[in-house]
Amino acid sequence: MKKLLSLVLVLALTFSLSAGVMAEEIKDAKETAEYVTAVEYPLTVKDQADREVTLEKEPESLVSCYYISSSLLMALGLGDRIVGIENNPETRPIYALSDEKLLELQPIGTAKEIDLEACAKLAPELAVIPMKVKDSAEDLENLGINVIIVNPESKELLAEMISTVAEATNTVERGNQLIAYIDEKEAELTKKLEKADTPKVYLASNSAFLATAGNKMYQSDLIKLAGGVNVAEEIEDTYWAEVDYEQILTWDPEYIILPSSAKYTVDEVLADEVLADCTAVKNGNVYQIPGDIESWDSPVPSSFLGAYYVAGVLHPELVSEKDFDEAVKDYYETFYNFEEEKKN
């Protein structure tokens, strides 16, 4: 896992995909995907807020204030249609690795607040926004901007998001290829782990160690895919749930996993005296998911790579560092254009 940064540099130096290479790389996915081969406009789709959205024509200009939907747009080959992006895109390595021009785009807000004035100036034909800012949908539509709300908070909802956005943007074939690819890689990982034990895992949140993902969140699916048991699976809250030290010690996880953007460190957790009797801390089994490319602990299309990383932590005898590195390389080689001219 420690080789990830050098892997990123290799990716950035060597990946420049042509349409011919793309067709070859995803041939297997094409054979297994189910296709809606023709998209006709006007087109009505249902978004993940259960809203019907009618598009009069194929949208040629897009905005996204949400790094998860932005990552999807790039994976669908729509990077050149994006005209507005989230604030501070330089904090997300995927933008510069995919296309540095994305860093120069007009910021239009965050996953918590949309800059309506900026959107009005850009006048995009479609905005893709998260459920957290769904109340802004009506304001955007009053500006003449079509809006799709996404909410990929489970494996199934992630696939639904990909399908919905792909249909709306007339990239259905690419979307089906992406879904088939993810399904194939997840099936490969499940096969590797089919006879493995399932250790107990505590996955903390970015903002606070004493917050964790319950059973309904995507992160719980990630733990299961990695061959573990989420100690917080009894929690049915949709979003991050606050817990206390007593609860963590009662759960007594065998492994503690920190997200890639955690505001605290592995060393701080290991040094926390209150956790001294926790099995994970006693055995030094506290790890942080890498974030050199994307936040794989969040429901981006590439989040199966987070499961590969965690599986390598939980089951190193079954999932090697090489398996993880190859999974990372293959995904970004297949679906992203890491610019050749990037140098050290």
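The values are calculated or read from the model by the stated rules, or taken from the named source; none is laboratory data. In this text the structure is predicted, and so the values were computed from the model without any measurement. All Cβ positions, glycine included, derive from the backbone under ideal geometry; neighbour counts span all protein chains shown. Side chains are part of the model used for accessible areas, which takes the heavy atoms of the whole protein and leaves out ligands, DNA and RNA. Shrake-Rupley method; radii C 1.70, N 1.55, O 1.52, S 1.80 Å.
Evaluate the distance, in nm, between pseudo-label points positioned 7 Å from the Cα of D252 and of K282 along their respective Cα→Cβ axes.
Reported label-point gap for D252 and K282 is 0.7 nm.
Placing +1 at every Lys and Arg Cβ and -1 at every Asp and Glu Cβ, with all other atoms neutral, what dipole size does the chain have around its Cα centre, in debye to the nearest 20?
Working: 29 positive and 65 negative charges, 108 e Å.
Value, rounded to 20: 520 debye.
With all protein chains present, how much of the accessible area of region 175-326 (probe radius 1.4 Å) comes from carbon and sulfur, to the nearest whole percent?
Percent of accessible area from carbon and sulfur atoms in region 175-326: 45.
Amide H to amide H under 5 Å from A49: which residues, 5+ apart in sequence or cross-chain, H placed 1.01 Å off N in plane?
Those lying under 5 Å, H to H, from A49 are I149.
Counting pairs of alpha carbon atoms under 8 Å apart in space and at least six apart in sequence, what relative contact order in percent does region 243-301 give?
42 percent
Please report the accessible area of L222 (heavy atoms, 1.4 Å probe, ligands and nucleic acids excluded) in Å², nearest 10.
Spelled out: L222, probe radius 1.4 Å, area about 0 Å².
Classify region 158-314 as rounded, prolate or oblate, taking a ≥ b ≥ c as the square roots of the eigenvalues of its Cα gyration tensor: rounded when a/c is under 1.5, otherwise prolate if a/b is larger than b/c and oblate if not.
Here region 158-314 falls in the prolate category.
Explain nothing, just the number: relative contact order of region 138-191, from Cα pairs under 8 Å at least 6 residues apart, as a whole percent.
Numbers: 22 pairs, mean separation 9.7, N = 54.
Reported relative contact order: 18 percent.
Report the calculated FRET efficiency for D80 and K329 (r = Cβ-Cβ distance, R0 = 30 Å), to the nearest 0.05.
Given R0 = 30 Å and the Cβ-Cβ separation, E is 0.80.
What percent does the relative contact order of the chain come to when contacts are Cα pairs within less than 8 Å and at least six residues apart?
22 percent
Please report the equivalent ellipsoid semi-axes of the chain, computed as sqrt(5 x eigenvalue) of the Cα gyration tensor, largest first, in whole Å.
Value: 34, 23, 19 Å, ordered largest first.
Just want the answer: with Cβ charges of +1 for Lys and Arg and -1 for Asp and Glu, which residue in Y245, A271, S302 is farthest toward the dipole's positive end in region 244-307?
The one lying farthest along the dipole's positive direction is S302.
With a point put 7 Å past each Cα toward its Cβ, work out how far E317 is from N142 in nm, to one decimal.
6.3 nm
Taking 0.36 nm per residue of sequence separation and subtracting the Cα-Cα distance, how much length would be gained by fully extending the chain between K112 and K191, in nm to one decimal? Can you show the working numbers first?
Details: separation 79, 0.36 × 79 = 28.44 nm, distance 3.83 nm.
Length gained, K112 through K191: 24.6 nm.
So who's got an amide H within less than 5 Å of the one on V229, skipping anything under 5 residues away but keeping other chains? H placed 1.01 Å off N, in plane.
Residues meeting the criterion, in which the H sits 1.01 Å from N, are K200, V201.
Through the Karplus equation 6.51 cos²θ - 1.76 cosθ + 1.60, θ set to phi - 60°, convert the phi angles of region 75-83 into ³J(HN,Hα) values in whole Hz; use x for Gly and Pro.
For region 75-83, the Karplus-derived couplings read 5, 7, x, 10, x, 6, 9, 6, 10 Hz, x marking Gly and Pro.
Between D272 and A208, with labels modelled 7 Å along Cα→Cβ, what's the label distance in nm to one decimal, could you check?
In this crude label model, D272 to A208 measures out at 1.2 nm.
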